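Peer 1: Here it is, the structure, as structure tokens.
The values are calculated or read from the model by the stated rules, or taken from the named source; none is laboratory data. These figures come from a predicted structure and were not determined experimentally. Neighbour counts run over all protein chains shown; Cβ positions are idealised from the backbone, glycine included.
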Amino acid sequence: MPEILTKHAVVDDVLDTFREMLGPDAVRYRNHVYRGLNYQRKLLRLNTIPDEIAFAWALHDIGVWTSGWDYIRPSLDQVDELAPHYRMHTSTGCVRWWNGITRCVAAETTGWSRHSG
């Protein structure tokens, strides 16, 4: 497993969509996304990141820039809007349920459940 993941096609593509809106915060937000992504990857012991996890991390706080500090609903709206483009229709429920993203995606990709550890 590589120590630190710094590139993922889905993350980079999603963030590129918001580059202008993020403005001078683009690099900071990218670092924030990859920091969370790498922590989750390490905790779940994943060698690769499923696109669903990458998609969720890329959009999890984007509403701060699209709508301000009341950002959770706008972030979820972006998930709904962009999911078809990334073919996330089968996992959108997991992506939208941010507090459960680790459990949902881990269960789908590794067989993990809250009862297994």
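Peer 1: List the number of the failed condition for residue 85; all other conditions in (1) over 14 Å from the mean Cα position of the chain (by Cα); (2) at pLDDT 90 or above hold.
Peer 2: (2)
Peer 1: Scan the stretch 72-81 for residues that are closer than 15 Å to residue 18 by Cα and more than 12 Å from the chain's Cα centre (by Cα) and report the count.
Peer 2: Number satisfying all stated conditions: 3.
Peer 1: Return the residues of the stretch 1-42 that are of a type in the set (Ser, Thr, Tyr) and either under 21 Å from residue 79 (Cα atoms) or free of Cβ contacts under 8 Å to residues at least 24 places away in the same chain (or both); say none if nothing qualifies.
Peer 2: Across the stretch 1-42, the qualifying residues are 17, 29, 34, 39.
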